[in-house]
Each structure stands twice: as structure tokens, then as C-alpha cells.
Amino acid sequence: MAVSKPLPWSYRKGTTALHRLKAGIKLAFLLLLSLAAFLPNLMVLSTIALVLIVLSLTARIGPWELLRGSGPLLFVVLGVFILGGVETSPPYFSFDGLGESVIFCGRIAIAFAAGALLFAVTTQGEIRRALSRLEAALRIEKFRISLGISLMLGFLPLFFQMWEDVNLAWQSKGGKKGLKGMTILIPLVIERMIIKAAETALAMESRGAAPYIE
């Protein structure tokens, strides 16, 4: 019986030091790493990549597993830059900036990996409680910022879950991977996400209070 692989950005149970670390510290640190990845310094980018490798090994997660699910995103980003190099008059392809495009994809990959690591070692409930404590400390509970952020973060792993479901259904019907498959599947996933967001909003409105995310 084949063992199913964990979904991208899904929580993985564990008792490592990284799992036990307070959610607020992990959220702040990995957010800073994601932002620092876009600083114009390749040494910083390399250092962040090394830090993520060490942290993933500490959490007993293969560093390459953090990039699972990033393929379509990196494909689209690189594709946009490649299209930007196409000239029509006269028709030719300019390689100027292609190196920067590859580096930018690397930055996106590092930010993606940081987010994946956060969700792999932290539950959505822990993130919600950490944000709620910050809200209380700043005395801004009435704005419900923690609710909005936690809901937004909760939709990120949900996207990959829906993508996996749609992709499996597509392949079971004989669909193949590639550009054609992505142009068909991405709109379907976006539609499902919109429906899910509407259902969540209606559920919250009917309860008159924020649902607890676990």
C-alpha cells in the first residue's frame, strides 16, 4: 500500500523543538525570513536558504519537501519574465534580465519554503491564539485583525488541498500535466476558493461571532 505524501503547507505532527516553540516567535521569525529574501543581496538569500535547511532538518522534514507545490507558481513567474523578453519589432528574444528573473524565482521559492515550514510545525489554532494575544497586548481586539489574518493564512493550505483534489480528478479522467492542464485547473480551483470564502463568510455572519479555527 503506497504511503500518501503530505499536502503542501499542511501540518505535520511532531515533538521537535521547532514544533514546541511558541507560535508567535515562529510566525515573526519566518515572516522576517520571507521579507529578507527580497533584499538585494545574494549573500543574504544564500544565508536564509541555509537557515531554512537547518530548521527543516531540525523539524525532521526534508528541505526539498518545503518546495512541494511551488512548481506552478514558479512556472508562472518565470513565464511572465520570459514573455517580457520577447520583442516583436524586429522579432527576437532578449536575454537581458533573464538572470535576474531566475534569481527572483529563487526569492519566491525561499519565501514559499518559509511559509511551508511555518505551517508544517504550527497549527492554525496556535497561530490564531498567538495573534489574539498580540491583539490583546496592543488593545485592538475590536478590529479583529487576528481573525482576518488567521482566516487568510488558513486559506493558503486550503488552496493546496483543493488543488490536489482537482488535480487527482483531472488525472483520473486521463488529463495530463502541463500548460493545458494548468489553464483548466487553476480557474476551477479559484472558483472553489471563492465559493469556500463565501460559505465561510455566511457561517460567520450566522453565528454572530468568529468561528474558532483548530
Would you say Leu45 is without any contact (Cβ under 8 Å) to a residue 24 or more places away in the chain, of a type in the set (A, V, I, L, M, F, W, C) and over 12 Å from Ala113 (Cα atoms)?
-> no
Check Ala136, Ala109 and return the single one that is within 25 Å of Leu31 (Cβ to Cβ), assigned by TED's automatic domain parsing to the domain that holds Arg60 and among the small types (Gly, Ala, Ser).
-> Ala109
Residue among Gly125, Gly106, Gly79, Gly115 that alone is part of a helix (DSSP H, G or I) and without any contact (Cβ under 8 Å) to a residue 12 or more places away in the chain = Gly79
Among the residues of region 48-62, count how many are surrounded by 16 or more Cβ atoms within 10 Å (Cβ to Cβ) and closer than 20 Å to Pro157 by Cβ.
-> 5
Identify, please: which residue in region 154-201 is at pLDDT below 80 and outside any helix (DSSP H, G or I) and is, among those, surrounded by the most Cβ atoms within 10 Å (Cβ to Cβ)?
-> Gly175
Ser10: in a helix (DSSP H, G or I), within 30 Å of Leu134 (Cβ to Cβ) and among the hydroxyl-bearing types (Ser, Thr, Tyr), yes or no?
-> no
Among the residues of region 50-75, which ones are among the aliphatic types (A, V, I, L, M) and without any contact (Cβ under 8 Å) to a residue 40 or more places away in the chain?
-> Leu50, Val51, Ile53, Val54, Leu57, Leu73, Leu74
In the set Leu35, Leu45, Leu39, which member is surrounded by 15 or more Cβ atoms within 10 Å (Cβ to Cβ), closer than 30 Å to Tyr11 by Cβ and of a type outside the set (Gly, Ala, Ser)?
-> Leu45
For Leu27, indicate whether it is on the phi < 0 side of the Ramachandran plot and more than 20 Å from the chain's Cα centre (by Cα).
-> no
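The values are calculated or read from the model by the stated rules, or taken from the named source; none is laboratory data. Values in this document were obtained by computation on a predicted structure and should not be read as measured data. Every residue, glycine as well, gets a Cβ built from its backbone with ideal geometry; the counts of neighbours run over all protein chains shown.
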